[in-house]
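The values are calculated or read from the model by the stated rules, or taken from the named source; none is laboratory data. Keep in mind that this is a model prediction, so the values were computed, not measured. For neighbour counting, all protein chains shown are included, and Cβ atoms are generated from backbone atoms with ideal geometry for every residue, glycine included. Note: areas computed on protein heavy atoms with side chains; ligands, DNA, RNA excluded. Shrake-Rupley method; radii C 1.70, N 1.55, O 1.52, S 1.80 Å.
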Amino acid sequence: MLFKRAASRFNRNVWPFFSLLAHHKKIWLGYLVFILLPALLFQKFYSDRSAAVMKQEVTNSILQAIRQVESNISYRLNNVKEMSDLLFMNPDFHQLVGRPAMEGGLPVQIDDQRQLYKMIIGLENRDEVRKVRLFVDGQKIYASDNNNFFDIGPVRYENWFMQTARNNGKIFWNNTVYQTYMDDPEGMYVISVARVIKDPRDFSQIAGVLVLDMPESILAGVLRTVEFPGMELYVTDGLGKVISHLDESRIATVRTAGNWPAISKSKEGIVTSRQEQGYIIHKTIPSTGWKIVAYLPEKAIMSGESKHSSAAASMVGVITVLLVLFLGVFVVFAIITESTIRRIRQIGAMIQREGLATFDEGQLQDSGAIFGLEKNVGRLINTVSSLMEETYEAKGKEREAQLKALQAQINPHFLYNTLDTINWMAIRRDADEISSTVGALAQYFRLSLNKGRDIVTVSDELELARAYLDIQASRFADMFTYEMVVEEAIRSLPIPKLSLQPIIENALLHGIQNTEEQRGTLLIEGGATADGYWLQVTDDGAGMEEGRAAVILEEPRPDSGGYGLYNVHERIRLFAGQGSGLAVHSRPGEGTRVEIRVELSGRSGQGRGSMNRSP
């Protein structure tokens, strides 16, 4: 019985609907041609355009990263060259290497070996140099050392020796070879820089050859800083022979693309390789003529970094489908409306012809589907609008994420590594003051950057102030002394970053430097209060008029350092409330005291308390 009722209801309400649609083939054909097909073409155009933009952005970002790799590799190679120059420019080194084997006998040769070993062993303590090798006349007794000293005879006809000789004293960078040593029988891949040593008695003769071996792993370590899924990154010579590669099995193999002639003639660029179905991004290392090459398959772009773009394309696809469905529903609605109006006209004509009394309500078709359809269309409109807004926001976030991921290929520690390198160079040249200042600057940068956080602890702020004072102490020797007396209880409490440094800078530049002696002292103090803590900086400098001190936080002037104090005052108030901030106390000739008061209970935005009480 129930099945019969359901079948009867279906035949009465649903089947007429499908029968109606089946009789409107022209409408459906128009829907297919004018709505569905253009929507699919639009989706295809958007996908292709997004892929093209993504490829351009990815390749340009990788080129930027390769430029940084070239800078780092050139720096490493230049370090090795400078170490070679240290020996090459030493006249005693030339005299020892050029001394004839028979001059002075065995004691002289032993002493020569000792002096030469002393000169070269120091270079092997550097990261860039694995071994220093010196090829000398085989008649010298130490030529058979085979650790640092070797017989020049067996290598005179090797290719690298002849190319080094043709350079006539200039350095020659030899391609990567696998080298074993007495202290390392297993050996490693090395890149060698070689130069001939002329006989000081006869410059037409070669007295020896100096070779410095640099581990290939150093170049591989620089290459490893740039990562992209599916990308192959390596260094080649001018003929395409691999010098450094993350895969050691590729070293010394020839890796050239179909566009290699064009690539070898340009300093840098992005080349589309149809033969390898990808992109060749390259950059020349000026000092050697080598090339840093990145091969990026096209499919790697689409399957790797383009996930965000694919998500956006998918979102647009969803919207397109919804739009097509909406238009389809509109067509169906138009069909149903047309049929309903025709039915209403038929009923009206029947009533006019036969009268209202003869009208049977059973003759009416159920119109509930029309009202339901209207509601569904409304929901579809709201859904499409909402999805378009979400797509716009998602596309903005996706673009931001792409820029951060692709432009950030440069190592974030490059600044610290550079300062550390400058520090190492200063230590090597016994420049202790430069080393100390660079170390303090590196500490200052590390603390001031603080991983992008704007709020730090009082302890971190004090360390930042200490680094700044150390830098200024190196800059202005004997101009000031300072002392920090801060309670341990407040060191872990929060404070806006760079709150103390502008106050200390004003104390030095506008206080102590403006005295006749241009000398003075700084006292940095701090302690806890009932609802927070206080910090203050006191100097015995020139001071200022009391009236000026009273308004400096309200009317900052660029010639008095007021902008810095005003900025700190406003940031403290925004952080901890209106009851917090700075107070300046000063008199001419008696110095200046700047107090910071932070009421942690007032961080909700309603400041309490007074800034008039001195600690």
I'd like the full set of residues that are open to solvent by less than 40 Å² (accessible area, probe 1.4 Å), of a type in the set (Ser, Thr, Tyr) and at pLDDT 80 or above, limited to segment 267-291.
Tyr279, Thr284, Thr288
Quick one: Gln163 ticks every box in (1) open to solvent by less than 30 Å² (accessible area, probe 1.4 Å); (2) assigned to a helix (DSSP H, G or I); (3) in contact with a strand residue (DSSP E or B) (Cβ under 6 Å, 6 or more places away or on another chain) except a single one, so which number is it?
(1)
Answer yes or no as to whether Ala165 is closer than 29 Å to Asp85 by Cα and under 31 Å from the mean Cα position of the chain (by Cα).
no
Whether any residue in segment 125-147 is crowded, with 17+ Cβ neighbours inside 10 Å, small (Gly, Ala, Ser) and touching a residue at least 60 places away in the same chain (Cβ under 8 Å) is what I want to check.
no
The condition from (1) within 18 Å of Lys198 (Cα to Cα); (2) modelled with pLDDT under 90 that Phe93 misses is numbered (2)
When you look at Leu535, is it within 20 Å of Leu462 (Cα to Cα), crowded, with 20+ Cβ neighbours inside 10 Å and out of contact with any Phe, Trp or Tyr (no Cβ under 8 Å at 6 or more places or on another chain), yes or no?
yes
Could you check segment 266-293 and list, in sequence order, the residues that are over 30 Å from Lys170 (Cα atoms) and not in a loop (DSSP other than H, G, I, E, B)?
Ile270, Val271, Thr272, Ser273, Gly278, Tyr279, Ile280, Ile281
For residues that are crowded, with 18+ Cβ neighbours inside 10 Å and of a type outside the set (Gly, Ala, Ser), scanning just segment 27-62, find the one that is modelled with the highest pLDDT.
Ile62
Can you find even one residue in segment 80-98 that is outside any helix (DSSP H, G or I), closer than 21 Å to Trp173 by Cα, touching a residue at least 40 places away in the same chain (Cβ under 8 Å) and of a type in the set (Lys, Arg)?
no
Residues of segment 457-488 that turn out to be of a type in the set (A, V, I, L, M, F, W, C) and assigned to a strand (DSSP E or B), as a count
4
If you scan segment 171-222, which residues turn out to be crowded, with 18+ Cβ neighbours inside 10 Å and assigned to a loop (DSSP other than H, G, I, E, B)?
Ile171
Condition met for Val108 (within 19 Å of Gly208 (Cα to Cα) and in a helix (DSSP H, G or I))
yes
Looking at Gln513, Gln518, Gln472, which one is loosely packed, with under 15 Cβ neighbours inside 10 Å and at pLDDT below 95?
Gln518
Quick check on my filter: what residues within segment 211-240 are at negative phi, within 25 Å of the chain's Cα centre (by Cα) and of a type in the set (Gly, Ala, Ser)?
Ser217, Ala220, Gly221
May I ask you to verify whether Asp559 is modelled with pLDDT of 90 or more and acidic (Asp, Glu)?
no
Which numbered condition Ala542 misses (of (1) open to solvent by less than 60 Å² (accessible area, probe 1.4 Å); (2) within 41 Å of the chain's Cα centre (by Cα); (3) of a type in the set (A, V, I, L, M); (4) farther than 16 Å from Ala465 by Cβ)
(2)
Inside segment 574-586, can you point out the residues that are buried (at least 20 other Cβ atoms within 10 Å of the Cβ) and under 38 Å from the mean Cα position of the chain (by Cα)?
Ala576, Gly577, Ser580, Gly581, Leu582
Scanning segment 490-505 for residues that are assigned to a helix (DSSP H, G or I) and open to solvent by less than 30 Å² (accessible area, probe 1.4 Å), which turns out nearest to Glu599 (Cα to Cα)?
Ile490
Of the conditions (1) surrounded by fewer than 17 Cβ atoms within 10 Å (Cβ to Cβ); (2) within 22 Å of Asn567 (Cβ to Cβ), Glu487 fails just one. Which one is it?
(2)
Any residue in segment 580-593 that is hydrophobic (A, V, I, L, M, F, W, C), under 21 Å from Gly526 (Cα atoms) and modelled with pLDDT under 90?
no
